[in-house]
Amino acid sequence: LQDQFDNLEKHTQWGIDVLEKYIKFVKERTEIELSYAKQLRNLSKKYQPKKNSKEEEEYRYTSTRAFLATLNEMNDYAGQHEVISENMTSLITGELTRYVQELKQERKSHFHDGRKAQQHIETCWKQLEASKRRFERDCKEADRAQQYFEKMDADINVTKADVEKARQQAQLRHQMAEDSKAEYSSTLQKFNSEQHDHYYTHIPNIFQKIQEMEERRIVRIGESMKTFAEVDRQVIPIIGKCLDEITKAAESTDHKNDSQLVIEAFKSGFEPPGDVDFEDFTQPMKRTISESSLSNSRGDGKSEPKFGGKSKGKLWPFIKKNKGAGPEDFSNLPPEQRRKKLQQKVDELNKDIQKEMDQRDALTKMKDVYIKNPQMGDAASVDHRLAELGQNIEKLRLEVQKFEGWLAEVEGRLPTRTEQARRQSGLYEAQNTAAVNSCAQDRESPDGSYTEEQSQETEMKVPATDFDDEFDDEEPLPTIGTCKALYTFEGQNEGTISVAEGEMLYVIEEDKGDGWTRIRRNEDEEGYVPTSYVEVYLDKNAKGA
């Protein structure tokens, strides 16, 4: 290839271009991996449960916990794609970029040496040509001088001096020709030697270096391609582990356990309704209202209407009128739900007390250290904080006592399978049925309380029926005693009544085991209040108001 110098120069430049193209390819691959990892992380974050929200409560079920585990594993899965990007950047693009710079410098050096060798042989060739032309010229000049001398020597009319002069000129030209010949011969020998060295030593050495450089480039790009595959292969076990964990999470779902959690979360603690007594209307007797009734959707011989009207203060007290923060003792909830909320509150307060006590113990130890080593700090500086912690602990203990009292009250009043409980539960079931029949938009709120939200449009469409008249014509329940309000109660739910602390009212229905007492302020105002908010004085001889 000694005569293909230019083609080799083009080929080696093409090899560098291929290497730079491969670097660009790997760089774009790393960008794709980073973008994919970022999208996976954003996807995982998007579906993570928000703190202190309803979603966080839903993750106690095995199916949602499995989904959460899948989200976490997808986050780790994204991390492996980031590892691929980082390793390809450091092991391939970074290394090859530095190698390309070194390769360009080496190639430039080799071809510089090649051009220098070519220029040298071209200079030697020019010197040989010049020496050859000079020898040729001197030989021609010597021949012409010889011919002139011979002509002058043959001419009898020419003086002897002119002939001698011509002879000397011919001898000079012959000498110059001989010198040129010797120089040409020397230059020719030198050129042949230089040419031999050029084509058999210098150029082969340079081309050998270029060949080695090109072969190293090919080996290097092959190794980079192997690294490209190896980087992917290294994370396959970890990615496989992530997928195994997702499979394990999926297999951990327990439909029976989730069903039991639903039961525990929403059970109210009420017993199913008992049998309904037969009411004989053939006997000439006045129909009376059961003491346990809060509302009655059955009219005197009338069929049950399709749309129920509103009863005056006779709805189940747990049905909310408006959404909002419930009372502190969760008295707006059914007994079982209220017990769970109170127990949860007690546990939270005990944790807060433990935290405060840990802080107090730590400060006490610090104070002891300061007392033993005054140079480390002032022992009096922590007294104020210790006093604050003591006050906080005392307040929290009072809160715990308050909630434990309510909890004990609930646990002692949970309904049992008695006739009264059956009547109460049956009444509750009847109200739910009536609510469905009346197209009321009843649904259960996230905290387990029962709400009834009826749009304004629905209320406008409900026709007035004799159903309301049945309750309007009823005689008010007789008073069975009086009561004094121990605390102020804001009756925000349907069927409840607001009372002020110290207010005296009439009792018309005592607590049936559900934690509520029915009272009356006057003929038009009556409703339910929590039994724990009033002090009841029963009078069996009291007459109706």
- Item | From Glu73, Glu136, residue being part of a helix (DSSP H, G or I), charged (D, E, K, R), surrounded by 15 or more Cβ atoms within 10 Å (Cβ to Cβ) and modelled with pLDDT of 85 or more | Glu73
- Select, from Gln101, Gln127, Gln80, Gln171, the only residue that is polar (S, T, N, Q), touching a residue at least 40 places away in the same chain (Cβ under 8 Å) and either outside any helix (DSSP H, G or I) or open to solvent by 60 Å² or more (accessible area, probe 1.4 Å) (or both). Gln127
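Would you confirm whether or not the stretch 31-40 contains a residue that is in the same structural domain as Leu103 (by the TED database), closer than 30 Å to Leu103 by Cβ and among the charged types (D, E, K, R)?
We begin by selecting, within the stretch 31-40, every residue in the same structural domain as Leu103 (by the TED database); these are 31-40.
Narrowing the set further to residues that are closer than 30 Å to Leu103 by Cβ leaves 31-34.
Filter once more, so that each one left must be among the charged types (D, E, K, R): 31, 33.
Yes: one or more hits.
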- Message: Any residue that is within 30 Å of Lys151 (Cα to Cα), without any contact (Cβ under 8 Å) to a residue 12 or more places away in the chain and hydrophobic (A, V, I, L, M, F, W, C) - is there at least one of those in the stretch 219-230?
- Response: no
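For residues in the stretch 153-168 being in a helix (DSSP H, G or I) and open to solvent by less than 60 Å² (accessible area, probe 1.4 Å), which is nearest to Lys126 (Cα to Cα)? Lay out the reasoning, then the answer.
Residues of the stretch 153-168 that are in a helix (DSSP H, G or I), as a first pass: 153-154, 160-168.
From what is left, the residues that are open to solvent by less than 60 Å² (accessible area, probe 1.4 Å) are 163, 166.
Working: Val163: 40, Ala166: 35 Å.
The residue in question is Ala166.
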- Message: So, Asp244, is that one at pLDDT 90 or above and of a type outside the set (A, V, I, L, M) or not?
- Response: yes
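Do the conditions hold for Gln337, that is, is it part of a helix (DSSP H, G or I) and more than 20 Å from Gly513 (Cα to Cα)?
So Gln337 fails the test.
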- Note on the structure: When restricted to Lys241, Lys209, Lys226, the only residue in a helix (DSSP H, G or I) and either farther than 30 Å from Leu96 by Cα or not assigned by the TED database to the domain that holds Leu96 (or both) is Lys241
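Residue by residue, here is whether (1) among the polar types (S, T, N, Q); (2) within 27 Å of Lys21 (Cα to Cα) holds:
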residue	(1), (2)
Ala170	no, no
His202	no, no
Gln208	yes, yes
Glu223	no, yes
- Item | Condition check for Val26: touching a residue at least 40 places away in the same chain (Cβ under 8 Å) and either loosely packed, with under 14 Cβ neighbours inside 10 Å or closer than 18 Å to Glu102 by Cα (or both) | no
- Only one residue in Glu150, Glu141 is without any contact (Cβ under 8 Å) to a residue 24 or more places away in the chain and open to solvent by 40 Å² or more (accessible area, probe 1.4 Å), so which one is that? Glu150
- Message: If Glu86 satisfies all but one of (1) open to solvent by less than 30 Å² (accessible area, probe 1.4 Å); (2) more than 30 Å from Ala265 (Cα to Cα), what's the number of the condition it fails?
- Response: (1)
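Can you list the helices (runs of 4 or more DSSP H) lying wholly within the stretch 351-461 that have 3 or more residues being open to solvent by less than 60 Å² (accessible area, probe 1.4 Å), touching a Lys or Arg at 6+ places or on another chain (Cβ under 9 Å) and modelled with pLDDT of 50 or more? Before you say what the answer is, go through the steps one by one.
Values: elements: 383-413, 419-437, 456-461.
In the stretch 351-461, the matching helices (runs of 4 or more DSSP H) lie at 383-413.
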- Message: Between Asp280, Asp197, Asp232, which is exposed (fewer than 11 other Cβ atoms within 10 Å of the Cβ) and either modelled with pLDDT of 90 or more or among the charged types (D, E, K, R) (or both)?
- Response: Asp280
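The values are calculated or read from the model by the stated rules, or taken from the named source; none is laboratory data. All figures in this text were calculated on a predicted structure; none of them were measured in a lab. Cβ: placed from backbone, ideal geometry, glycine included. Neighbour counts: every protein chain shown. Note: accessible area is taken over every heavy atom of the protein model, side chains too, but ligands, DNA and RNA are not part of it. Shrake-Rupley method; radii C 1.70, N 1.55, O 1.52, S 1.80 Å.
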